[in-house]
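First comes the structure, then the notes that go with it.
The values are calculated or read from the model by the stated rules, or taken from the named source; none is laboratory data. On a predicted model such as this, the values are computed, not experimentally measured, just so you know. In this analysis, Cβ positions are derived from the backbone assuming ideal geometry, glycine residues included, and neighbour counts consider all displayed protein chains.
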Amino acid sequence: MPRIKSPHLLVAESGADRAGHGLKRTMGLFQLVCFGVGAIVGTGIFVGLSDSVGEAGPAVVISFVLAAITCVLTAFAFAELGGAIPVSGSSYSFAYAGLGETTAFLVGWCLLLEYGVSVSAVAVGWSQYVNELLDGVLGVQLPDALSAGPGDGGVINLPAVVVIALACVLLVRGVRESARATAAMAVLKLAVLVAFCAIGYTAFEDGNLTPFSPAGLGGIGAGTTAAFFSYIGFDAITTAGEEAKNPRRDIPVAILVCIGLVTLLYCAVALAAIGAIGGDAVGDRPAALSYVVDEVTGSSVGGTVVAFGAVVAIASVVLAVMYGQTRILMSMSRDGLIPRVFEKVSPRTATPVAGTWIVGLVFALPAAFASLDSVVNLCTIGTLATMAVVNVAVLALRRREPGLARPFRVPLYPVTPLLGIAFCLYLIYETGAETWLQFGVFLVAGLLVYAAYGRRTSRLGRAGVTPSDDAGRAPRGA
């Protein structure tokens, strides 16, 4: 019988329904929406747009919509479970309640990949735009030796290390300070992207949208997989379950608002960029948005403003995603599946200080020295697998816990979570056989770590708690 922890016990152990449990409730709906935007909008649109356009051409708009549909279907599942189980563990905790400890550990293992690779990749993208900004403002650039890792022709990517260190400093100061910084950066980068659209549409030409789908359905599918990376991070909203003022109401709303807002923005930006200079030109430019503005305005000033917006945008992604990672590790540590250092919360700042600095160090190393292009697909498949598990957890908990309080319920159940699983599996298929093999090896490594350490040190296992005991003893949440 799998080791399953009921939602009521998860909430009770975290203290999410009572005060004085270590973390402080300081985030309202606006902060949660900004936190979600901060986690999503960054490298994917400022740097990765060229990859998506290179695969799909002008049909990248369809790719963004398909990626968004996948996210929306799963966002419904996150919204239901985030409201019903408002704890810091996000999909890890949802899997623990729905499918058991082994699956939960593997989900946490995948989240290390999702958040670790995405933060490191985002930090590398930040370095590219720092050079764009320095070039536009001062006419200088950092030497390759200090702005790229050995795999990209340099020695160390110093800006990538700096942005991760700055995020750590903010995170250990307190969630209120982090939330304020994230909100300010989210508003600024949205303003920059709206301004980009206003400039791009002044040079819009219908002819630049033809041929609309040069690579056909295959190109749209590949573009969808590439575009999906632009949406990674929305699930981080659920990691704020213990620091939101009204998580049962606000977390579902924040998730759905973020996905809708980001999808509209991405489609508008993609159309503006392609309509202004053509799909081939966008696909050839890593920092495409700055290039588009420079071409349209005939000046480098607009491109410099976009570069500044990208620097702010990508920094906010680093901050938000690292926040989510530390909270997931805190939940896993509480359950005894990883060392206890990650669950310790500073009484002065109400943040996991030691865990935050450890995460920062681990994420900074690949950002400083590795070329991450080869593992972006691995990050994508890990995220998709996690999202599929969350949809399965909704199905399992509807059967096992029919009386669980659910402020938000997945519409058109069970069709919606089943479609969510199907879309995730389709995009997993599109990542290709090489990525499947890499992911299989990664999962086997996770199982070995769980067997050697996690299963032996699990508090649920040591306590001898069975699923029926757990459900019987746990206090029922609101």
Among (1) of a type outside the set (K, R); (2) assigned to a helix (DSSP H, G or I); (3) touching a residue at least 24 places away in the same chain (Cβ under 8 Å) - the single one I358 does not satisfy: (3)
Qualifying residues in the range 306-344 (those that are among the polar types (S, T, N, Q) and surrounded by 24 or more Cβ atoms within 10 Å (Cβ to Cβ)) - the one nearest to V124 (Cα to Cα): S316
The one condition in (1) more than 19 Å from the chain's Cα centre (by Cα); (2) modelled with pLDDT of 90 or more that I164 fails to fulfil: (1)
Selection status of A281, in a helix (DSSP H, G or I), free of Cβ contacts under 8 Å to residues at least 24 places away in the same chain and of a type in the set (A, V, I, L, M): yes
Residue list for the range 434-463, filter: more than 17 Å from L111 (Cβ to Cβ), in a helix (DSSP H, G or I), modelled with pLDDT of 90 or more and small (G, A, S): G440, A451, A452
Filtered residue count, the range 31-58, keeping only those that are surrounded by fewer than 24 Cβ atoms within 10 Å (Cβ to Cβ) and either in a helix (DSSP H, G or I) or in contact with a strand residue (DSSP E or B) (Cβ under 7 Å, 6 or more places away or on another chain) (or both): 6
Count of the range 373-412 residues which are in a loop (DSSP other than H, G, I, E, B) and either buried (at least 21 other Cβ atoms within 10 Å of the Cβ) or touching a helix residue (DSSP H, G or I) at 6+ places or on another chain (Cβ under 8 Å) (or both): 9
Yes/no for A226 being surrounded by fewer than 24 Cβ atoms within 10 Å (Cβ to Cβ), under 18 Å from V282 (Cβ atoms) and out of contact with any strand residue (DSSP E or B) (no Cβ under 8 Å at 6 or more places or on another chain): no
Some residue of the range 338-345 being modelled with pLDDT of 90 or more, within 30 Å of D152 (Cα to Cα) and among the hydrophobic types (A, V, I, L, M, F, W, C): no
Some residue of the range 326-346 being out of contact with any helix residue (DSSP H, G or I) (no Cβ under 7 Å at 6 or more places or on another chain) and of a type in the set (A, V, I, L, M): yes
Candidate set from the range 207-230 (those that are farther than 16 Å from G278 by Cβ and without any contact (Cβ under 8 Å) to a residue 12 or more places away in the chain); member that is farthest from the chain's Cα centre (by Cα): G216
Selection status of D294, surrounded by fewer than 21 Cβ atoms within 10 Å (Cβ to Cβ) and of a type in the set (D, E): yes
Members of the range 241-252 that are in a helix (DSSP H, G or I), touching a helix residue (DSSP H, G or I) at 6+ places or on another chain (Cβ under 6 Å) and not basic (K, R): D250, I251, P252
Hits in the range 90-116 - residues which are assigned to a loop (DSSP other than H, G, I, E, B) and at pLDDT below 90: S90
The range 327-352 residues that are part of a helix (DSSP H, G or I), paired with ones that are of a type in the set (K, R) (beta carbon under 7 Å, 6 or more apart): S333/R340; E343/R334
Qualifying residue in the range 69-89 (condition: assigned to a loop (DSSP other than H, G, I, E, B) and on the phi > 0 side of the Ramachandran plot): no
Output for the range 117-168, where each listed residue is within 27 Å of I358 (Cβ to Cβ) and assigned to a loop (DSSP other than H, G, I, E, B): A148, G149, G154, V155, I156
Residue in the range 154-166 that is aliphatic (A, V, I, L, M) and over 24 Å from V41 (Cα atoms) present: yes
Residues being in contact with a Leu (Cβ under 6 Å, 6 or more places away or on another chain) and either modelled with pLDDT of 85 or more or part of a loop (DSSP other than H, G, I, E, B) (or both) - total across the range 218-236: 1
